[in-house]
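Have a look at the structure below, then the notes.
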Amino acid sequence: MHSTNLLLEEPIRMASILEPSKPSFFPAMTKIVGTLGPKSRAVDTISSCLKAGMSVARFDFSWGDAEYHQETLENLKLAIKSTKKLCAVMLDTVGPELQVVNKSEAAISLEANGTVVLTPDQGQEASSELLPINFSGLAKALKPGATIFVGQYLFTGSETTSVWLEVSEVKGDDVVCVIKNSATLAGSLFTLHCSQIHIDLPTLSDEDKEVIRRWGAPNKIDFLSLSYTRHAEDVRQAREFLSKLGDLSQTQIFAKIENVEGLNHFDEILQEVDGIILSRGNLGIDLPPEKVFLFQKSALHKCNMAGKPAVVTRVVDSMTDNLRPTRAEATDVANAVLDGSDAILLGAETLRGLYPVETISIVGKICAEAEKVFNQDLYFKRTVKYVGEPMTHLESIASSAVRAAIKVKASVIICFTSSGRAARLIAKYRPTMPVLSVVIPRLKTNQLRWSFTGAFEARQSLIVRGLFPMLADPRHPAESTSATNESVLKVALDHGKASGVIKSHDRVVVCQKVGDSSVVKIIELDD
């Protein structure tokens, strides 16, 4: 495996560690995906989350109905309007998730060394002796000695709220288990995870399809997070389904890798998807603990070299109830950035946590510090070597733009793009400065009406590290003249100056199309 020691080559002066961080218009280059829920769905809370650095809002359909999530989405739209901060929308499917059904919602106490039976008979009442589950094929998939985890919110790792079971025997459709640790399961929904076992359920369930049809399509979702992706075929089927839903043909699919099956087919899945989510909650249970870091480093490296965004989850679980992360969590966030993560995904921390805004703010600050010591030079050389020669025309332009920007110490790279591909390729080389992606809308027709494309492409860059979108005026279409390009460039520069990203006498690298050619130019700004 490639070395991923991306700290600066020269030693850091210890005293410099205590110097206060300089405020910046962009809190961090690394993006933050926040899950909106009970503690984070009010307009003012969402507004504060956007100001703190959230750029993608995740809607988790493992709980809550379409109406509930629609109310939250309407609040998000109001927050975007009031803060003037763009935010993308991600729909997270349930997928083949196994659940314990606890209709009474009474707390269930399980004692170590006792036994408990898992049954597909959902008419039964959940108790300390019997746990009804939502899958009839479990007994066929398990053998004595197999490991099962049951917990709320995907096993925080807290032994008092999660239980570890070992299968002792299979009786017909029932599975008899020995309880390995004492725990109390509280609430209505517990997730059940069988370690390294294939569950014969479709990745995109009928319920998921209905949600995408009823909620995803009318809301023109930017990202579909495909839970429990196990094969490249899962992604192909999801894409075919989306292609029939009008605007959703533009929706990007992110594969959630959360078990060994997905890990084994990682390379084929990566070829098919638009991005990857390393779902460390389930994955950390399916893999031995000592192997989790190895998968993270290897998977992030593969995503970086493919130029596809990678998202890491489960980094500051303790902030669900606390105002500060643990030391290990703070280090974990920084290491995710140094390993090459594009975004950090917050789940329970913002969904039901007590401090959603503070969590986003602290994670952003840690990311920003880690970015300062990211060894861009080593990363750039490694990426160029990996891509090899001859490079494609666009890849050559993108790498040249980044090299030029670093050599002249440009404050920003401005990239004109209509599909967003050129801007994403520039971001692939991880420049040390922000990339302003000026998305030029395209005019298209379906024979009945004319419409502009561009909003999807602008929002979809909100999950890529270092990429910050601007949607240009539709009156300047993609196939424009150099005169209109100059006027759009002036608007982009003015926006950069107003936001404090660009100052007088700064150098700016511009990447744009002139006729059939792509051009990289360096501009030095006057007063």
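Worth pointing out:
- Surface accessible to a 1.4 Å probe, M14 within the full protein complex, Å²: 150 Å²
- Accessible surface of L354 - all protein chains present, 1.4 Å probe, nearest 10 Å²: 100 Å²
- Among 402-411, 254-263, 109-118, the order from most to least packed when residues are scored by Cβ within 10 Å on average: 254-263, 402-411, 109-118
- Amide hydrogen neighbours beyond the local backbone of T326, cut-off 5 Å, H modeled: S318
- Protein accessible area in the chain, 1.4 Å probe - carbon and sulfur %: 53 percent
- If you count Lys pairs in region 98-194 whose Cα atoms are under 21 Å apart, skipping same-chain pairs closer than 8 places in sequence, the total is 4.
- In the frame of its principal axes, region 258-402 has Cα extents of 52, 35, 25 Å, reported largest first.
- Pairs of Lys residues in region 273-394, spaced 8 or more positions apart or belonging to different chains, with C-alpha separations under 19 angstrom: 9 in total.
- Remark: relative contact order (the chain) = 15 percent; criterion is Cα-Cα distance under 8 angstrom and separation of 6 or more residues.
- Solvent exposure of the chain as accessible area per residue, Å², 1.4 Å probe: 45 Å²
- Three semi-axes describe the equivalent ellipsoid of region 216-293; taken as square roots of 5 times the Cα gyration tensor eigenvalues and ordered largest first, they are 26, 12, 8 Å.
- Accessible surface comparison of E329, E74, probe 1.4 Å, protein chains only, largest first: the order is E74, E329.
- Peptides ranked, highest mean first, by Cβ atoms within 10 Å: ranges 339-345, 76-82: 339-345, 76-82
- Of the residues R324, R465, the one with the largest accessible area comes first in the ranking R324, R465, computed with a 1.4 Å probe on protein heavy atoms.
- For the chain, the share of alpha carbon pairs falling in successive 20 Å distance bins from zero is 21, 54, 21, 3, 0 percent.
The values are calculated or read from the model by the stated rules, or taken from the named source; none is laboratory data. From a predicted model like this one, the values you see are computed outputs, not experimental measurements. Cβ atoms come from the backbone with ideal geometry, glycine included; neighbour counts cover every protein chain shown. Just the protein is used for accessible areas: all its heavy atoms, side chains included, with ligands, DNA and RNA removed. Shrake-Rupley method; radii C 1.70, N 1.55, O 1.52, S 1.80 Å.
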